[in-house]
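A quick write-up on the structure given underneath.
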Amino acid sequence: MDIFCKIIAGEIPSERVAEDADWIAINDIHPKAPVHVLVIPRKHVEFQDVDANLSGMLLVAARNVAEKLGIDKTGFRVIINHGEHGGQEVPHLHIHVLGGKKL
Ligand code: 5GP
């Protein structure tokens, strides 16, 4: 089981900043910006599983998180790392939302 599945199952603690039926949003343990949140689908999926519903759901979640954390007006960066060359560490699809300063 990957680390995000364990976080979703509550086996590993995390700082949840938002969640709904399909995803959770947690503070990254090694933040690269004043706001660095990971939006993670509850279901274990990887990039190969992306379809219009899943990608739309994640982007709407990222926007909702940005609004909740008050960085929607100043702007933010959304990143997906995929695979070895993409620098992906955790093999469970997730979106990074970074903001809180000019990147
Ligand atoms: P990736 O390179 O896979 O897109 O990024 C994974 C991210 O997950 C990294 O930014 C890393 O700091 C974060 N991360 C890894 N393990 C944990 C953890 O146990 N808790 C939290 N909150 N973040 C984690």
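Tally the residues that are in a loop (DSSP other than H, G, I, E, B) and either surrounded by 15 or more Cβ atoms within 10 Å (Cβ to Cβ) or within 16 Å of the ligand (Cβ to nearest atom) (or both), restricting the search to the range 73-90. It would help to see each step written out before you state the result.
Of the range 73-90, the ones in a loop (DSSP other than H, G, I, E, B) are 73-75, 80-90.
From what is left, the residues that are either surrounded by 15 or more Cβ atoms within 10 Å (Cβ to Cβ) or within 16 Å of the ligand (Cβ to nearest atom) (or both) are 80-90.
Of the residues in that region, 11 qualify.
Residues to consider are A66, A25; find the one that is within 11 Å of the ligand (Cβ to nearest atom), small (G, A, S) and touching an Asp or Glu at 6+ places or on another chain (Cβ under 7 Å). Give the derivation first.
On the way: A66 fails: within 11 Å of the ligand (Cβ to nearest atom).
A25 is the lone residue from the list that is within 11 Å of the ligand (Cβ to nearest atom), small (G, A, S) and touching an Asp or Glu at 6+ places or on another chain (Cβ under 7 Å).
Among the strands (runs of 3 or more DSSP E) lying completely within the range 11-59, list those that include at least 1 residues that are among the polar types (S, T, N, Q).
23-27
We did not get these values from a lab; they are worked out from the coordinates using the rules stated. Fair warning: this is a prediction, and the values are worked out from it, not measured in the lab. Using ideal geometry, Cβ is built from the backbone for each residue, glycine included, and neighbour counts are taken over all protein chains shown.
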